[in-house]
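Just so it is clear, none of the values below were taken in a lab; they were calculated from the coordinates. Values in this document were obtained by computation on a predicted structure and should not be read as measured data. Cβ: placed from backbone, ideal geometry, glycine included. Neighbour counts: every protein chain shown.
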Ligand SMILES: Nc1ncnc2c1ncn2[C@@H]1O[C@H](COP(=O)(O)OP(=O)(O)OP(=O)(O)O)[C@@H](O)[C@H]1O
Ligand SMILES: [Mg+2]
């Protein structure tokens, strides 16, 4: 039984429908990320959960209670914004205490709770500071404490890290995840950064043009993308155009070379084109390397990415990238060199359009 | 380069003397009531005049009331326009500018026609009614300054997100307005308040035509009947205005140091 249940949500602004048939259940204590490019409707769905936008259709139920008629201040939801949105006229203590004061808690209760929250975000020593005296990362942690202080049923975060620099972004996302697990709070996290979503989520919703293209664990999303969009948005993926030879046997040609997919291809016939996806890390040109499939190709370029070296290879009319680990003994291939790319046929994913 | 600098300084000096010499002249004259020596006799005479105290007190009270009610009108309006009705912004800005375009005398005659003792709302029929009407006319006069000052202060904070943050924490709109928005636009409210104060203290047309014992008409009366006192009063009026201006500067500087990146 889902704790937060979104059923067939629709949202239109005037004539433009920006969210279509959004359907998902989120369990208690789960950390779910909405991942997608700018303008795909992530914020809009989040704002409907919070009550700032009214869905044009569908229902939102939290812990068995329909939220349809509730105003934002009647819902029990914590929200963290990209721009922090701390009250500039209040110090850290008063910001965190705000929701408790509004709820009419006693002064003693407020002080205990605020202390506890500031301990959680490790900013107890800055209780008297004003927002302008804090760094961006500190401000966002205070915003998190403020949202959590009122013990919300659901925590919503809308790109909370995108205004921060890279180092803080990584440490803070881990801190958010750790606090989330410690409190066991049901959380929806909006981001357009796939690495962020993959690293901290229990499940990810990949959104495209107002629809949920795929909902799954980071592992599923990365390894078995359901659509071409998911495949290209999450991770770096080679999309290879192939021609079907015999659908029943799963045989195709890539750049004129026969390749067997080891499984039948549904609903296509001989001569159709088909898109296949291959992760850069699935291929190798090392001698005697793994893989039951070999494709000869010509090196186009190599680029050094730190821990890996990425090589682009021309195979027929496709360009395929593959990665190799950067060991001290590694000799990168040079442009123009003819090599053989090896990989396991099972790593080729059939992309449905 | 050097010559240009010199030219600029000369221009500033000419401009400044245009303002300062008459002021110094007035000050000097106001000190000459006693024959042959400088003295504060004129000021003493002004301050000991019961009418001065009464009209000054009356105008002070009107100014304070105008500021309070003006704030209660302008802050929620500016907030609402920013939050919910951004499309009517140009209309509201135009309306708030009208008092600058329409002469006070036209406005006050309009009031007298609308609210005379034989109208539906006979405000001029009683003293308290007339006082109320005068306060509302002062509010109208200060609207252009008040609205702009508050709206500018609101631009500096993200009104929408702050409102949503407060809402998600359970706050209702009076709490949001008075605890989260008002304190953050205080600099705008205060600078609007000081301008309003200066306007109300010197206003003549409305108070005279509504026949209320305000400071403006008193200044006029004294100016027409006495010799040295008007100069003393002019200096006092200047001091009030300048004090207000100084306070605006002080407040805006203070606010900047409190929220440099709000
Ligand atoms: N109040 C509104 N009125 C009209 N259109 C809107 C409104 N809010 C959002 N939209 C539109 O809805 C679509 C989805 O917007 P949304 O803010 O949900 O995107 P997003 O996925 O959060 O993007 P980003 O990553 O840029 O924040 C966009 O095309 C946007 O223009
Ligand atoms: Mg967004």
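The table below lists the values:
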{"quantity": "Using a Förster distance of 45 Å, the FRET efficiency for residue A:346-residue A:69 (Cβ separation, nearest 0.05)", "calculated": "0.30"}
{"quantity": "Near-label residues of region B:203-236 by backbone N, under 15 Å of a point 7 Å along Cα→Cβ of residue B:109", "calculated": "B:205-206, B:209-210"}
{"quantity": "Length released on extending from residue B:127 to residue B:155, taking residue separation times 0.36 nm less the Cα-Cα span", "calculated": "6.1 nm"}
{"quantity": "Cα-based helix-to-principal-axis angle, A:166-183 vs chain A, degrees rounded to 10", "calculated": "60"}
{"quantity": "Extension gain, residue A:239 back to residue A:178 (0.36 nm per residue minus Cα-Cα distance, nm)", "calculated": "18.4 nm"}
{"quantity": "Residue B:4-residue B:17 pseudo-label distance in nm [points 7 Å out on the Cα-to-Cβ vector]", "calculated": "2.5"}
{"quantity": "Average beta carbon contacts from partner chains per residue of A:101-109, 10 Å cutoff", "calculated": "2"}
{"quantity": "Kirkwood Rh in Å, taken over the protein assembly as shown so that all alpha-carbon pairs contribute", "calculated": "30.7"}
{"quantity": "Helix-only [θ]222 nm of chain A, DSSP H runs n ≥ 4, -39500 (n - 2.57) each, per residue, nearest 500", "calculated": "-7000 deg cm²/dmol"}
{"quantity": "Cβ-Cβ FRET estimate between residue B:51 and residue A:103, R0 fixed at 60 Å, reported to 0.05", "calculated": "0.60"}
{"quantity": "Shielding by partners - mean other protein chain Cβ count within 10 Å, residues of B:153-164", "calculated": "3"}
{"quantity": "Degrees separating the helix A:92-102 axis from the principal Cα axis of chain A, which is the longest one", "calculated": "70"}
{"quantity": "Helix axis angle, A:136-149 relative to chain A longest principal axis, alpha carbon, degrees", "calculated": "60"}
{"quantity": "Averaged over A:62-74, number of beta-carbon atoms from partner chains that fall within 10 Å", "calculated": "2"}
{"quantity": "FRET efficiency for residue A:17 and residue B:120, using Cβ-Cβ distance with R0 set to 60 Å, rounded to 0.05", "calculated": "0.75"}
{"quantity": "Reciprocal mean inverse distance between Cα atoms of chain B - Kirkwood radius, Å", "calculated": "21.2"}
{"quantity": "Chain B, helix-only ellipticity at 222 nm - DSSP H runs n ≥ 4, -39,500 (n - 2.57), divided by all residues, nearest 500", "calculated": "-25500 deg cm²/dmol"}
